[in-house]
Amino acid sequence: MRRRNRWLKTLFWGSVLGVFLALVLVFSGVAVGALEQREGRPVPQPVPFSHAFHAGGLGLSCRYCHSAVEYAPYAGLPPTETCMTCHLYVKPDSPNLALVRESWEKGELLRWNRVVNLPDFVYFHHAPHVAKGVGCAECHGRVDQMPVVYQPKAFTMKFCLDCHRNPAPRLRPREQVFNMAYVPDPELGRELLQLYHVRPPEELTSCNTCHR
Amino acid sequence: MEAVKVLTEEEARKAQPKEEKRVSFYPPWPQGEHAWAMTVDLARCVGCGLCVLACQVENNIPVVGKEEVGKGREMHWIRLDRYFAEEGVFHQPVMCQHCEKAPCEAVCPVAATEHSPEGLNLMVYNRCVGTKYCSANCPYKARRFNFFPYAEAFIGQGDPRRAKESPLALLMNPEVTVRSRGVMEKCTYCVQRIELARAEAAREGRRIRTGEVVTACQEVCPGQAIHFGDLLDPEDPIHAHREEGRHYVLLEEVNTWPRTTYLAHLKNPNPRLRKEGGHA
Amino acid sequence: MPERHPDHDLIQGEWTERSLVEKLLEPVEKPPPRPWKVVAAVGFVLTLAWLYAIFVTFTKGLGTWGINQPVLWGFDIVHFVWWIGIGHAGTLISAILVLMRQNWRDSLNRITEAMTLFAVLCAATYPLIHMGRAQHFYWILPYPTHMALWPQYKSPLSWDVLAIFTYLTISTLFLYLGLIPDLALLRERSQGWRKKLYGWLSLGWTGSALHWRRYRAAYVLLAGLATPVVISVHSVVSMDFAYGVVPGWHLTLFPPFFAAGAIYSGFAMALTLLIPLRKWYRLEGVITERHLDWMGKVTLASGLGVAYTYLLEIFIAWYSAEPAEWAQQLWRMTGPYAPYYWAMMLINVVLLQTLWFPRFRRNVAWLFVFSILANVGMWLERFVIVVISLSHDFLPGNFHLYSPTWVDWTLFLGTLGFFLFGLAVLIRLFPPSPWRRCCTSTTSLGSTREAPCCTGTWPTLTRRRSF
């Protein structure tokens, strides 16, 4: 066949294949999945606070610092006083804690860098989640093993909907909510749905649950 | 088609609440724990406009200015319609009726307005792309569109990009999204109050109590004309309102099955006044 | 003595193959006449103004338009529907007339297909720019998202997306397919970059018998696929209104009403374009008065459908005993917008009747004037439907009039400019009528006609063969 026509044939079938591949790429959800698996990077902080040491090694409870989690929408950050309850006596001269001491002496805020910052149109409330048996580790990962905190799964709407559409496998008894090592039991989760009056998926995925 | 009904005392006593004829091809919506509804008693409404103001404060409704209002772009989620009849002037607060068969829900191409299992017609600002079909389809014209970045520009002193830095942001209710340009908004039955009540109840391991959720308009009405309640709660006074003879639905013929219903205005004029030829 | 052109019964004058081809390639090969330059210049300037108006809309917001509560759909949707309606003539001529073996469509299909393409392009801009948050327009498309949300398919606007995309694809394909033999001819006759361009675009067309056979199969297949589009696209657009509860919109007769209106306005715009074109390029022999007469008949037929619907609308509003519906009709007739309503009735019902009489229908000047009036009449109809219905719906407290701003007008004139400019460019690049006529048209009155340019006629095509 003529060279020009062979060229044209290649071009034509090549574009057909290209369009087909593009459609497959978009509609297979590859573009969606990639977003979810994206792990957050560790967020550097002004003070090298290690959750792995304090929460993991020492066994400090989450609520010792993030005390608002049971009744407020936010979990809260601790005032410098909380740090100083120990560090007035423990390693009082450590250079790592210089900023903490400075904050304590001057009465100024310690400016931590946010790891999780949801958009303004998302209204997340920690209290009902804690009350209904959603563990800290479910969403935030094994913080007790993180020297520098990072967000293990991107908080896309799909992440929230995956649980809201099927909460049972992710529920744990209230006593275990702050136990990061606990692995949820789907059987028990189904019972907890009834016990903790967790609403069915149609209600949990109603837009007003998160958007006002 | 009567928007505002006026009854005399005998008529009101004798009237039976009309059986709402509910005919639909479609299955009903899934029902949640509550069925929120509202009644507005027109006999108690004096047209003071405090509901309009309270709604504006509660929901971060922007002030658009004289020029925009002149073009017909006011942003009040609740408005007071005035009807001039021979019996006098009648005020009717009209807000989103939260129709069970909402014409607006079916026409949004991006599902920005959805029906909640508790009977609310939800408006999701972050999903709205601004096609404005919902408002065209609303028979009550209860929806409001942000033609300009009214709220954002206000907080940013004219520049929406500076909204985040401004101390005027403290003016806003943090529980309600501040809407950007091109987004549709409307009465939400103060959904932020409902959700906060629900979070409190979840924390305390109980159900939402009767009368725990009070909408902004209900809260400030001096005549207590607006009542917001739960149809699934047997103790809620809303049942008594809906069984009154004065009870009616606005634009019933459009078959929207609204959750907000009205109680007809009661007129009991002194017969001597009528004989003297004055207005009752 | 060179042979007479096989289509001598359709075209006027003494033509041979060669002389007809030379004539048809004149707009491309010879310098353009003065009117072309005027149209192209005006179109270009208006296109720039259009782009500026779009820029203002995007940067300042929809508040720069005249829309308000309750008239949230104003000129944007009026013009959207107007342009989509205009496009339908091209598809009808391209598709339905081929399948109906109406050979006279051959003179017209190039211009009308080009008209359709640019009309649809103009129309498609409106749904994009009328969105409050146009940066998220892709949320209307169905694709898996990180929000785990899909569009709401119950909405006619979702259907619109599919309809317009389909329409755009089909129109472009039809135009392109029809162009291929012409492009090959231009390739043979040109040099340099033009030869390269036409060469690429003509996809290696050689004019062999095999190519012609495949071409006719493809053309007829595309015509078959495009035929439902003629009815469906404007029906889907009409559902934007029929789906709504607004008095004046909520009528099941909207889909056929809009389809008839589309054909009517499309043919009117085709006449508006073809009559000056044939004069300026001296193509009276190819686009003859008989062609214009036929087009006038189609305009009359579809216009009668439209006129019938107007009268039926009034009857239905009264018969329904719906107070809001009847109030809307009365307001249209007696309210502040009454002049627009009555102008529309005058043009689309009264003046339309002149097309019954050959004295008017065959008068090219009257046909031109009427075609412009018909376009205005259809514009007024969309204005009545969109704006007037919205400004007077159920509750009196919501009634409000609509007044367009300079942005609204500039957007409209800009689309007109873009339309004219695009057509002007297209005329300069491609001949106004396909030169190999006999091979797309089939037979007349059942007799097969052997033409020198192609082997195989309709019976051959219908015999089972593998292509």
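Summary table below
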quantity	calculated
Relative contact order of chain B, defined on C-alpha pairs under 8 angstrom at six or more residues apart (%)	32 percent
Candidates per GluC sites (Glu not before Pro) in region B:210-280, loop by DSSP, up to 11 other Cβ within 10 Å	B:E235, B:E243, B:E276
Cα-based helix-to-principal-axis angle, C:75-91 vs chain C, degrees rounded to 10	30 degrees
Links that overshoot a 32 Å alpha carbon limit, given the list B:K141/C:K297; B:K21/B:K141; B:K141/B:K267; B:K14/B:K101; B:K186/C:K154; B:K66/B:K267	B:K141/C:K297; B:K66/B:K267
Debye, to nearest 20: dipole size of region C:87-178, +1 on Lys, Arg Cβ, -1 on Asp, Glu Cβ	80 debye
Accessible-area ranking of B:Y83, C:Y52, largest first, probe 1.4 Å	C:Y52, B:Y83
Chain pair B, A: total accessible area buried, heavy atoms, 1.4 Å probe, Å²	1900 Å²
FRET efficiency estimate (nearest 0.05) - Cβ-Cβ, A:T10 to C:R428, R0 25 angstrom	0.20
Among B:A37, B:A106, B:A85: highest mean-square fluctuation, GNM of chain B, C-alpha pairs under 10 Å	B:A85
Using a Förster distance of 45 Å, the FRET efficiency for C:K195-C:Q102 (Cβ separation, nearest 0.05)	0.80
Protein accessible surface hidden between B and C, which excludes ligands and nucleic acids, total in Å², probe 1.4 Å	3800 Å²
Region B:79-192, accessible surface, carbon-and-sulfur percent (1.4 angstrom probe)	58 percent
Å² of accessible area per residue within chain C, as computed with a 1.4 Å probe and no ligands counted	40 Å²
Förster radius 56 Å - calculated FRET efficiency between B:E204 and C:T172 (Cβ-Cβ, nearest 0.05)	0.30
Total accessible surface hidden between A and C, rounded to 100 Å², 1.4 Å probe	1100 Å²
A:F159 - accessible surface, heavy atoms, 1.4 Å probe, Å² rounded to 10	30 Å²
Distance from region B:101-142 to region C:417-436 (C-alpha centre basis), Å	44 Å
Relative contact order, percent, chain C [alpha-carbon distance under 8 Å, six or more residues apart]	32 percent
Spatial separation of Cα centroids for region C:199-251 and region C:100-148, in angstrom	12 Å
Degrees, to the nearest 10: C:192-201 long Cα axis against longest axis of chain C	70 degrees
Dipole moment magnitude, nearest 20 debye, chain A about Cα centre, only Lys, Arg, Asp, Glu C-beta charged	1560 debye
Calculated from backbone phi, Karplus (6.51, -1.76, 1.60) coupling profile of region C:40-50 in Hz, x at Gly/Pro	5, 5, 4, x, 5, 4, 5, 5, 4, 4, 4
Other-chain or far-sequence residues with amide H under 5 Å of B:C99's (modelled H)	B:R259
Helix B:191-204 axis, angle to chain B major axis (alpha carbon atoms, nearest 10°)	80 degrees
Accessible area (Å², 1.4 Å probe, nearest 10) - C:L273	30 Å²
Of the DSSP H helices in chain A, those whose Cα atoms cover at least 24 Å axially and whose Kyte score averages -0.5 or more	A:3-27
Part-to-part distance (alpha-carbon centres) for region C:52-95 and region A:79-105, which is given in Å	65 Å
Per-residue SASA entry for C:W82, accessible area with 1.4 Å probe, Å² rounded to 10	10 Å²
Low-density loop cleavage sites - chymotrypsin sites (Phe, Trp or Tyr not before Pro) in region A:53-114, where at most 16 other Cβ are within 10 Å (DSSP)	A:Y71, A:Y74, A:Y89, A:W112
Longest site-free stretch - chain B; sites: trypsin sites (Lys or Arg not before Pro), DSSP loop, at most 14 other Cβ within 10 Å	B:23-205
For chain C, the longest site-free run once trypsin sites (Lys or Arg not before Pro) in DSSP loop states with at most 15 other Cβ atoms within 10 Å are removed	C:155-281
Given charges at beta-carbon only (K, R positive; D, E negative), |dipole| of chain C in Debye	1600 debye
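The values are calculated or read from the model by the stated rules, or taken from the named source; none is laboratory data. Everything numeric here is computed off the predicted structure, so don't read it as measured data. In this analysis, Cβ positions are derived from the backbone assuming ideal geometry, glycine residues included, and neighbour counts consider all displayed protein chains. All accessible areas refer to the heavy atoms of the entire protein, side chains included, with ligands and DNA or RNA removed. Shrake-Rupley method; radii C 1.70, N 1.55, O 1.52, S 1.80 Å.
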